[in-house]
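Undergrad: Provided herewith is a single structure, encoded as structure tokens, for subsequent inquiry.
The values are calculated or read from the model by the stated rules, or taken from the named source; none is laboratory data. Just so we're clear, the structure is a prediction, and the values are computed from it rather than from any experiment. All Cβ positions, even for glycine, are placed from backbone atoms using ideal geometry, and neighbour counts span all protein chains on display.
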Amino acid sequence: MKRLVIFASGNGSNAERVITYFRENKLAEVVLILTNNPKAGVIDRAKRLSVPCEIFDRKAFYESDQVLTRVQDAQPDLIILAGFLWKCPSSLIAHFPDQIINIHPSLLPKYGGKGMYGLHVHEAVIANQEKESGITIHYINEHYDQGAVIRQEKTIVSPTDTPDSLAQKVHALEYQYFPIVIEQLLQKV
Ligand code: GAR
């Protein structure tokens, strides 16, 4: 069975989707969730789903090897960033080359970079009257939202869409494609 570690900072609906998807198909198991946010919804989801979940702070992430060591101990085949808002330190990236992927709620390179996350992305897309938006699943590197793209999927932005309704459309794409892409990558490792 392949092993997944998830980093998440917020609600955790993608994390939950990945956990339940692989509980059904048994190719992989989420062995650990790590969060930087003591108030993240993902903590309750992890508890409900009986997945170990640990909280870390800036010091542990950027000024020590604590988080890196914890991840190494978990022996992941793939590391998943699911709504994780901190930039990964280069030591983590160097230890897991091509093994860390992120999901972003826009068609990168549009609407990426620092500060572009969650509803901020959808507000900007609507303010710019874009005709389409979507998701990007990509490898990470040391710059926000700039690693090699693995897959993009689109949705139409209609004139009546609000940031919330667009978020719903984008989440639907995320729930549909993120587990499938993870599954495809796991078949290669
Ligand atoms: C998701 O839409 C994800 O694409 C986005 O945060 C949301 C997390 O939702 N990620 C980013 O914006 C990263 N820059 P969730 O916590 O319910 O999975």
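Undergrad: Looking at segment 45-57, which of its residues are surrounded by fewer than 18 Cβ atoms within 10 Å (Cβ to Cβ) and touching a residue at least 24 places away in the same chain (Cβ under 8 Å)?
TA: Answer for segment 45-57, where residues must be surrounded by fewer than 18 Cβ atoms within 10 Å (Cβ to Cβ) and touching a residue at least 24 places away in the same chain (Cβ under 8 Å): just Leu49.
Undergrad: Between a residue in segment 109-129 that is within 13 Å of Leu166 (Cα to Cα) and any residue that is charged (D, E, K, R) and more than 9 Å from the ligand (Cβ to nearest atom), which pairs come within a Cβ distance under 7 Å, given they are 6 or more apart or on different chains?
TA: Ile126/Asp161
Undergrad: How many residues, within segment 141-173, are surrounded by 14 or more Cβ atoms within 10 Å (Cβ to Cβ) and modelled with pLDDT under 95?
TA: Within segment 141-173, residues that are surrounded by 14 or more Cβ atoms within 10 Å (Cβ to Cβ) and modelled with pLDDT under 95 number 5.
Undergrad: Another question, if that's okay. If Cys88 satisfies every condition in (1) within 16 Å of the ligand (Cβ to nearest atom); (2) in a helix (DSSP H, G or I); (3) more than 26 Å from Gln168 (Cα to Cα) but one, which is the exception?
TA: Condition not satisfied by Cys88: (2).
Undergrad: Would you check if Gln176 is within 30 Å of Gln72 (Cβ to Cβ), surrounded by fewer than 15 Cβ atoms within 10 Å (Cβ to Cβ) and modelled with pLDDT of 95 or more? Walk me through how you get there before you give the answer.
TA: Details: within 30 Å of Gln72 (Cβ to Cβ): no; surrounded by fewer than 15 Cβ atoms within 10 Å (Cβ to Cβ): yes; modelled with pLDDT of 95 or more: yes.
Judged against the criteria, Gln176 is not a match.
Undergrad: Among residues belonging to segment 1-44 that are acidic (Asp, Glu) and either more than 14 Å from Ala82 (Cβ to Cβ) or more than 15 Å from the ligand (Cβ to nearest atom) (or both), point out the one that is surrounded by the most Cβ atoms within 10 Å (Cβ to Cβ).
TA: Residues of segment 1-44 acidic (Asp, Glu): 16, 24, 29, 44.
Within this subset, residues satisfying the condition of being either more than 14 Å from Ala82 (Cβ to Cβ) or more than 15 Å from the ligand (Cβ to nearest atom) (or both) are 24, 29, 44.
Details: Glu24: 8, Glu29: 14, Asp44: 12.
In this case the residue turns out to be Glu29.
Undergrad: Restricting to segment 117-152, what's the tally of residues that are aliphatic (A, V, I, L, M), under 18 Å from Asn14 (Cα atoms) and in contact with a His (Cβ under 9 Å, 6 or more places away or on another chain)? Give the derivation first.
TA: Kept after step one, since they are aliphatic (A, V, I, L, M), are these residues of segment 117-152: 119, 121, 124-127, 135, 137, 140, 148-150.
Checking the rest, the ones that are also under 18 Å from Asn14 (Cα atoms) come to 119, 121, 135, 137, 140, 150.
From what's left, in contact with a His (Cβ under 9 Å, 6 or more places away or on another chain): 121, 135, 137, 150.
Number of matching residues: 4.
Undergrad: Which of the residues belonging to segment 1-56 are out of contact with any strand residue (DSSP E or B) (no Cβ under 7 Å at 6 or more places or on another chain) and within 17 Å of Arg70 (Cβ to Cβ)?
TA: Matches in segment 1-56: Asn36, Asn37.
Undergrad: Now for a separate question. Give Ile33, Ile43, Ile6 a once-over and let me know the one that is on the phi < 0 side of the Ramachandran plot, in contact with a Cys (Cβ under 7 Å, 6 or more places away or on another chain) and part of a strand (DSSP E or B). Spell out how you get there, then give the answer.
TA: Numbers: Ile43 fails: part of a strand (DSSP E or B); Ile6 fails: in contact with a Cys (Cβ under 7 Å, 6 or more places away or on another chain).
One residue alone meets the criteria, Ile33.
Undergrad: Assigned to a helix (DSSP H, G or I) and at pLDDT 95 or above - does that describe any residue in segment 74-81?
TA: Residues of segment 74-81 that are assigned to a helix (DSSP H, G or I), as a first pass: 74.
Now drop any that are not at pLDDT 95 or above, which leaves 74.
Yes, segment 74-81 contains a residue that is assigned to a helix (DSSP H, G or I) and at pLDDT 95 or above.
Undergrad: Consider only pairs whose beta carbons are under 9 Å apart and that are at least six residues apart or on different chains; among these, list those whose first residue lies in segment 153-171 and is in contact (Cβ under 8 Å) with a residue 60 or more places away in the chain and among the aliphatic types (A, V, I, L, M) and whose second residue is surrounded by fewer than 18 Cβ atoms within 10 Å (Cβ to Cβ) and not in a loop (DSSP other than H, G, I, E, B).
TA: Close Cβ pairs satisfying both conditions: Ala167/Gly118; Ala167/Leu119; Val170/Thr155.
Undergrad: Name every residue in segment 46-59 that is part of a loop (DSSP other than H, G, I, E, B) and of a type in the set (Asp, Glu), in order of residue number. Spell out the reasoning first.
TA: Applying the first criterion (part of a loop (DSSP other than H, G, I, E, B)) to segment 46-59 yields 49-52, 56-57.
Across segment 46-59, the qualifying residue is only Asp57.
Undergrad: OK, next. Does segment 17-28 hold any residues that are within 22 Å of Cys88 (Cβ to Cβ) and either assigned to a loop (DSSP other than H, G, I, E, B) or free of Cβ contacts under 8 Å to residues at least 60 places away in the same chain (or both), and which are they?
TA: Filtering segment 17-28 for residues within 22 Å of Cys88 (Cβ to Cβ) gives 17-19, 28.
Of everything in segment 17-28, just one residue is within 22 Å of Cys88 (Cβ to Cβ) and either assigned to a loop (DSSP other than H, G, I, E, B) or free of Cβ contacts under 8 Å to residues at least 60 places away in the same chain (or both), namely Ile19.
Undergrad: Right, next: At least 2 residues that are over 14 Å from the mean Cα position of the chain (by Cα) in each: list the strands (runs of 3 or more DSSP E) lying fully within segment 95-189 that qualify.
TA: Numbers: elements: 100-104, 132-139, 149-156.
Output list reads 132-139, 149-156.
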